[in-house]
Each structure stands twice: as structure tokens, then as C-alpha cells.
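Below is one structure, written out as C-alpha cells, with a few remarks after it.
The values are calculated or read from the model by the stated rules, or taken from the named source; none is laboratory data. Small disclaimer: the values here were computed from a predicted structure and weren't measured. Note that we place each Cβ from the backbone using ideal geometry, even for glycine, and neighbour counts take in every protein chain shown. For the accessible areas, the whole protein counts, side chains as well, though only heavy atoms, and no ligand, DNA or RNA atoms are used. Shrake-Rupley method; radii C 1.70, N 1.55, O 1.52, S 1.80 Å.
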Amino acid sequence: MKSLSTAFEAMPATIRGAIWMILGGLSLILLAIVIRSIQDKFDVLQMIFLRSVISLLIILPWALRQKPQEIRTKRLPLHIFRNTIHYLGNVGWFIGVTLVTLADLQALQFTVPLFTILMAMVFLREKVGIHRWIATFIGFLGALIIIRPGFVDLGTGTIAVVLSAIFYAASQTSTKSLSNTDSPNAILFYMSLIFVPVSAIPAFYVWVTPDWSDTIPIILLGVFGYTAHACIIRAFAAADASYVMPFDFLRLPIAAVFGFFLYMEWPEIWVWLGGGIIFASTYYITWREGMIKRSRT
């Protein structure tokens, strides 16, 4: 196992970043599949709580080995706000998993960076140039192509996923602010720590006591939830966002394949078209910002 880890670290950073991003996207898809497998027994509010407990147990051994100053924060209120908003995003996403196709779910989630740009402009006072405005506008047109309001009925699942994207964008905006003072590991630690009490109260009102047959799905909820965050963080740490972002788009065809073989789902052409437009606009923004940053160094 050590030799495998050594061989992986010896790979070029761009390849490691691509692998991490693919694994992160795959983790999200597998998480959605686990949610669907137990949705008839457990409410999404309880599933989020169970996932949070497992994720905390995963990260706790690491946290106990750290020096206090490495995970100490002076911005606990912002951590609480971030994770409360992120919890609401989780609720919308979990509901969406149970109601829309896997491919639709992934395509609509590509709008998160677009909402984040708007929120960063408003709350963090980030300057948004004409290129970002145009790309963001085109990205939202892509979302409208998928949703097609007025042409198809807007279902609860679609609305839930779009709302989750807005909440996730607010969470990412908070993360941008926190990253100025706190390490990525500290942010991940406080997320795991705060999510448990935040999700516990709603879960109490819909609680169904698990039995032994639920052990593996519950563990997988926490494992895939944790690996999704950890892999994506490592992807951006290993290589430039403009390089690893295209590999995030693989979530759409991978989800479509899983959806077809497991649930006989196949996305309409509008999902592919809209998803491609959203991703292209997001990638253009990421690529251009990377070019600007390199020209200044």
C-alpha cells in the first residue's frame, strides 16, 4: 500500500489533480445511489444526520492528532453560519436525489460556481468584469435550457436542486472568506463538528431506528460524503482549477451511465445541451482567471 501511495505522489501534479477530481465526482454519484437505496425507510433529514455522524468519526482521529493552533479559529460564528447554510443545501440536494434523474442532478449542480460569483460580488466586494458577467449570463441560460420553465412543469425535485445550488454557493462564499484566516483542514473539521448538532434536531422529528441491515448503507453515507469533499479539496490543491475543472464535467456522463443501468434513466438532449453550456461558461471563467493570475506573477 505504501508503494502505491508513493507511486501516486510521484505522478505529475496535473494527473493527481485530475484523478482526485474524478474520484470526488464519483463519490457524489455513489452517495446519491446510497440515498436512493434507503429513501423508502429513512427521511432525508435523518440521512443527513447519520452521514454527519459517520463523517465526524472519520475525521476525529485526525483532529485529535493536530496541535490546537492548527485547528483553532477566531471566526466560529462564520463557521456556524456556513454550515447551517450548507445543511440547507444538503436538504435540497438529498430531496433532489430522490426525485430527479442522476444526470439532471449533476447538470443543475454545475450552477453552483455561477451563483457563487454573484454572491462573492455582493458580499465579498469582488470585482466582476464584463467577461465574467457574460459567461455567468450564458451559464444561467444553460440552466434555463435544462429547466425549461413554461415548457415543462417545474417539479419539487428540480426546485430543490436549484435551491440547494444557491445555498451551496452561499456556503462557498463563506468558505472563501474563511480561507483567508483558517486552513482547509480546519474548515473541514468545523464542518464535521457543527453538522452533527445542526442536523440532529430536524432528524429527531422523523427518526426511524436503524437495524443491523442498515449498517453498511449508513456507513457508506458518511464515507462517500466525506470522500467527495476530501477528494475535491485535494484536486484543487494539486493543480490549477482551470486544469481540473473539465474532469468535474465527467460527472454528467458517469451519472447518466449509472442512471441508465440502475434505474433505466436516460437524460433528454436538453440536459446534455444545458449542462454543456453551464460547464463551458464556468470553465471559461476559471481558465481566464488563471491566465490573469499567471500574467501578474
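The table that follows gives values for the structure above.
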read-out: Candidates I194, I187, I232, I201 - the one that is of a type outside the set (F, W, Y) and either over 29 Å from R72 (Cβ atoms) or surrounded by fewer than 19 Cβ atoms within 10 Å (Cβ to Cβ) (or both); value: I201
read-out: Total residues in the range 105-140, condition exposed (fewer than 13 other Cβ atoms within 10 Å of the Cβ) and assigned to a helix (DSSP H, G or I); value: 3
read-out: Selection count where residues are open to solvent by less than 50 Å² (accessible area, probe 1.4 Å) and not polar (S, T, N, Q), scope the range 1-29; value: 10
read-out: Within the range 243-271, tally of residues that are under 20 Å from F115 (Cα atoms) and surrounded by fewer than 19 Cβ atoms within 10 Å (Cβ to Cβ); value: 1
